[in-house]
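What follows is a set of notes on a single structure, which appears directly below.
The values are calculated or read from the model by the stated rules, or taken from the named source; none is laboratory data. The shown structure was predicted, so the numbers you read here are calculated from the model rather than taken from an experiment. No Cβ is skipped: glycine too gets one built from the backbone with ideal geometry, and neighbour counts run over all protein chains shown.
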């Protein structure tokens, strides 16, 4: 008991972190299912509907329903990745070949430490975020860690030591650099409004959500939201910008030479990036866990209120994940030079213009209201 | 706890920096440089300089090193993997550098001496603006506040320097065109 009391402050964060990783990995697995189901729906197919677990699948009505929805499919996919033969091509650079999938997944899992997913009211009646680490620099940390994610793709492309993966890796590194700029510039107006002088929050994501109690930032900063969203698609390597993968001209892109569980890690990393990206977009532009514009917080105090806020936030995140999938199966892929010219010639100037415009608006507003 | 973390991260930083210098493989070198940058960022975190730590990862490990890797891969610099010690000059330079390091460490720590500890400066009042000024904390806001008040001149000079460097890059990397050629 004595030992428990002393070790609890160290033990509890570990327990929280493990719990969050479990939930997050579950979300990743079911995003894959969502991708397959939604793509089936868009293309007039059914999608996965056959996988049935022995015991659960034979509950009278519920079992058939769960099988039809494909709820057991992620387990089957995971087992397939695990038990496939692990082929390592002879021409790869071994150590980096093994390192690359880890480097791809680790940053995606690290960023979730600073992403708040709900709020609760503590004993003093002060609203607090539900987050692993409520740090002042939340947004910057998300940008910094997620910018490390590109090394997974670049290393995979280089270590595979063959032409198509190499081209994929080169494209990924160029694309990341180009779109990171517009993404950062699109964020600046958000924080100029959200962290106005006198507010107690710096660049924390909780502060941004608290500043959206009346109007959501996406409503009156639509340009920033649009630029951020486009850059997000490019940074997560999703269609229409999946230049690193681009199976029509690069076979499988950076993961052509990967199979079995190592490919599975890349696959999970892609969905992890989508979920984190959706969560950050919801926090920045869609009000986080605030209910509706101008109707901020009907959740109430206590446990129920906290759970409701988490639920509403997750609902928004699920819609954003659906949006990502929807775009993938709606838009055709851009050509590589079109992606680069979009990034440098359209998004970047518009983002700079947006920043200058907002600076002027804030300056005029401050002068008039002084 | 903090001491232990310091030794771990300092070890990672130093060892990866050493490998970066002596590794004949260019990509190995670049990867070790990234690890070294991240280790430095961790050391900044231990100093409670969070903003600096995040910028270290964002700018150096995230952006600059991606460019490095991009160039290394594009030029395939891996081909001319050279030996560890190329010639006598490298050897002499390494020995001289190491000797200097030994002298420095001895002068700093051996014989009861230690590095002078700078006293913490008192928090400066806001020199220009009205109000009491904000206290010095580790938050980004406090950082930005002192950057735009007390250190405004160095800040602007740095900006000007960066602008000059940027213009220089554009001028140097621009293709030389004939005066009659169409403007691009």
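Spot the failing condition for residue A:182; the list is (1) touching a helix residue (DSSP H, G or I) at 6+ places or on another chain (Cβ under 7 Å); (2) modelled with pLDDT under 85; (3) buried (at least 20 other Cβ atoms within 10 Å of the Cβ), and only one is missed.
(2)
Would you call residue B:30 surrounded by 16 or more Cβ atoms within 10 Å (Cβ to Cβ), touching a helix residue (DSSP H, G or I) at 6+ places or on another chain (Cβ under 7 Å) and farther than 19 Å from residue A:177 by Cα?
No.
Could you run through segment A:343-355 and say how many residues are without any contact (Cβ under 8 Å) to a residue 24 or more places away in the chain and surrounded by 11 or more Cβ atoms within 10 Å (Cβ to Cβ)?
Qualifying residue count for the region: 3.
Going by the conditions given, is residue A:145 within 16 Å of the chain's Cα centre (by Cα) and closer than 26 Å to residue B:63 by Cβ?
For residue A:145, the condition - within 16 Å of the chain's Cα centre (by Cα) and closer than 26 Å to residue B:63 by Cβ - is met.
Give the residue that is nearest to residue A:144 (Cα to Cα), with candidates limited to residues of segment B:39-54 that are surrounded by 19 or more Cβ atoms within 10 Å (Cβ to Cβ) and either touching a residue at least 60 places away in the same chain (Cβ under 8 Å) or within 10 Å of chain A (Cβ to nearest Cβ) (or both).
B:54
Here is a yes/no grid of residues against (1) at pLDDT 85 or above; (2) more than 13 Å from chain B (Cβ to nearest Cβ):
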| position | (1), (2) |
| --- | --- |
| A:116 | yes, yes |
| A:124 | no, yes |
| A:127 | no, yes |
| A:134 | no, no |
| A:143 | yes, no |
| A:173 | no, no |
| A:176 | no, no |
| A:186 | yes, yes |
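Assess whether residue B:150 counts as being in a helix (DSSP H, G or I), closer than 28 Å to residue B:45 by Cα, at pLDDT below 85 and out of contact with any helix residue (DSSP H, G or I) (no Cβ under 7 Å at 6 or more places or on another chain).
When the stated conditions are applied, residue B:150 does not pass them.
Looking for whichever is part of a helix (DSSP H, G or I) and either within 30 Å of residue B:95 (Cα to Cα) or in contact with a helix residue (DSSP H, G or I) (Cβ under 8 Å, 6 or more places away or on another chain) (or both) here; the options are B:4, B:18. Which one fits?
B:18
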